Amino acid sequence: MNEASPIPVGEEPVGIETKAPTPERPMMKGDLTQGPILKTLLLFSLPMLLSNVLQTLQGSINAIWVGRLLGESALAATANANVVMFLMFAAIFGFGMATTVRVGQHFGARDIDAARRMFGSGVGFCFGISLIVAVAGWFYAAALLDTLGTPPASKIQALDYLRVVFITLPLGSVNMMVSMAMRGAGDSKTPMYAMILAAIVDLCFNPLLIMGVGPLPRLGITGSALSTAFANLAGMAYQLWRIYQQDLPVRLRGAELRYVLPRSAELRYVVTKGLPMGTQMLLVSSTGLIMVGLVNREGLDAAAAYGASLQLWNYLQMPAFAIGMAVSAMVAQSLGAGDHSRVGNVTIIGMAANLALSILIATLIVTFDRPLLVLFLGSGSSALPIAQHIQLICTASFVIVSITMILTGTMRAYGAVVAPVVIMFLGLYPGRLGFYFLARPIIDSEAVWWAYPVGSVLTVALTVGYYRFGKWRTAFRM
């Protein structure tokens, strides 16, 4: 099989004619099907990378404010609440990713009305789901924190923080859906500008609402959560203004506003493809919840050290996330255009770019771990040595597992979404958690940290094997 073309002879996807792009094919704004692959990939992924940097920086600075103004117990509280928050958004992310892929395919096929129908159905469906989750979360937030084994010193603060997160979930889900759909249509700059605005709003209001300055009340950790909600509102307002001001492909106007009521064909795709994608994210989230519970058993210092380490690992995962999304959007548009010959090169170049950036960031984190961790914990914190030890063991595992995000991005664009879920389950549960429970009696608390690289190696081995030998290419239908 020719590695430059992932479609073996006799395995062309059913339902669409395989064809090469013609010189007469009109170029549109947001078109990712033409031009040099590396240049197109970088120009599209860099705004997403910057958006991720800003979003993570926003969370990190918020953590600094919380840790410095409210103490280690509050920092541990946000770490526990943020894991639950990620769990919620992970459920919605799957439906959003399915919408993004289909919007990209329709955009690549130059069927703008179909792209708008898909966008409207995805947004309407996810908004309804998020409303249900928000109401349930408000009432069961305390039970969730008990399940996590949240330290008693942090539980009250974590509950206050988490309830604000739940009631603002519908706003955050719509904001995320709009951003993802725009990227499917080839626009990664507008979500970046929205994130810049949101970061500025959050960074300004976070300390003001925590401490209470002037007429603003002193809200403590609740103020931190409200500041983030206000920031998301500002970002969403900007994106909607930009969509209509520029008449971008995903805008809905007049009779098109009915598209937000999910239609059967679009809803079927969102659910059948989105559920496995969401399940994959939920597996990551559920494992994260379990890991937080295991870390909490090691005491408050370990929980605070883990919370600070998670902040640094967020930065480490950003290149893979941004480039994986870019690869998925580029492949989806190529499939919509009927050009399968470009897919293999997009994947290989995306993987090379991801590894280069991930290795660079990992090296910087390990080299400068102490001054970076001091930002969250303070120079005299008893959790600091634990956090430095964690970095040495776990950081490389995130570089290793980043490979799966690129390969999965390509397979996701083809509609192959079940096998990656199975692989993720095997890597996280028998791999990571299985190793922990087997190794805990032997190496004690070290098992928590070494479980990361063990699970990552297994996940990557299975993903590479399936990408090379699996039948995922035949999943494409349009």
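The values are calculated or read from the model by the stated rules, or taken from the named source; none is laboratory data. Keep in mind that this is a model prediction, so the values were computed, not measured. Note that we place each Cβ from the backbone using ideal geometry, even for glycine, and neighbour counts take in every protein chain shown. To get the accessible areas, we keep the full protein, side chains included, count just its heavy atoms, and leave off ligands, DNA and RNA. Shrake-Rupley method; radii C 1.70, N 1.55, O 1.52, S 1.80 Å.
Packing-based ranking of 41-54, 221-234 yields 221-234, 41-54, ordered from highest to lowest mean Cβ neighbour count within 10 Å.
Can you give the translational diffusion coefficient of the chain in µm²/s, computed by Stokes-Einstein from the Kirkwood radius over Cα pairs at 37 °C and 0.692 mPa s? Estimated via Stokes-Einstein, D reaches 144 µm²/s. Overall, the accessible surface of the range 285-431 at a probe of 1.4 angstrom is composed of carbon and sulfur to the extent of 74 percent. Would you be so kind as to identify which of Tyr414, Ile442, Ile359 lies farthest towards the positive end of the dipole of the range 331-455, taking Lys and Arg as +1 and Asp and Glu as -1 on Cβ and the Cα centre as origin? Farthest towards the positive pole: Tyr414.
Normalised by 2.2 N^0.38 Å, where N is the number of residues, the C-alpha radius of gyration of the range 191-243 stands at 1.20.
So with the 1.4 Å probe, I'd like the accessible area per residue for the range 111-188, rounded to whole Å².
The answer is 36 Å² per residue.
Using the 1.4 Å probe convention, the accessible area of the range 206-339 works out to 37 Å² per residue with neighbouring protein chains retained. Counting only Cα atoms, the size of the range 301-447 along its three principal axes is 59, 34, 18 Å, in decreasing order.
What area, in nm² and to one decimal, does the C-alpha convex hull of the range 329-378 cast on average over all directions?
The orientation-averaged projected area of the Cα hull of the range 329-378 comes to 4.6 nm².
Computed from backbone phi with θ = phi - 60° and the Karplus coefficients 6.51, -1.76 and 1.60, the 3J(HN,Hα) list for the range 257-272 is 4, 5, 5, 6, 7, x, 8, 4, 5, 5, 5, 4, 5, 4, 6, 5 Hz; x is used for glycine and proline. Using only side-chain charges placed at the Cβ, +1 for Lys and Arg and -1 for Asp and Glu, the dipole size of the chain relative to its Cα centre rounds to 820 debye. Building the convex hull from the alpha-carbon atoms of the range 263-376 and averaging its projection over directions returns 9.9 nm². Lysine pair count for the chain (Cα-Cα distance under 20 Å; residues 8 or more apart in sequence or on different chains): 4.
One quarter of the surface of the convex hull around the alpha-carbon atoms of the range 232-312 equals 8.7 nm², the direction-averaged projected area. How much of Trp241 can a 1.4 Å solvent probe reach, expressed as accessible area in Å² and rounded to 10? Looks like 140 Å² after rounding.
How much of the accessible area of the range 153-212, probe 1.4 Å, is carbon plus sulfur, in whole percent? Of all accessible area on the range 153-212, carbon and sulfur atoms account for 72 percent.
What number, in percent, do you get for the relative contact order of the chain if the mean sequence gap of Cα pairs under 8 Å and at least 6 apart is divided by its residue count? Relative contact order, the chain: 25 percent.
For the ranges 250-262, 461-473, 94-106, what's the packing order if you count other beta-carbon atoms within 10 Å of each residue, average per peptide, and put the highest first?
For the peptides 250-262, 461-473, 94-106, the packing ranking is 94-106, 461-473, 250-262.
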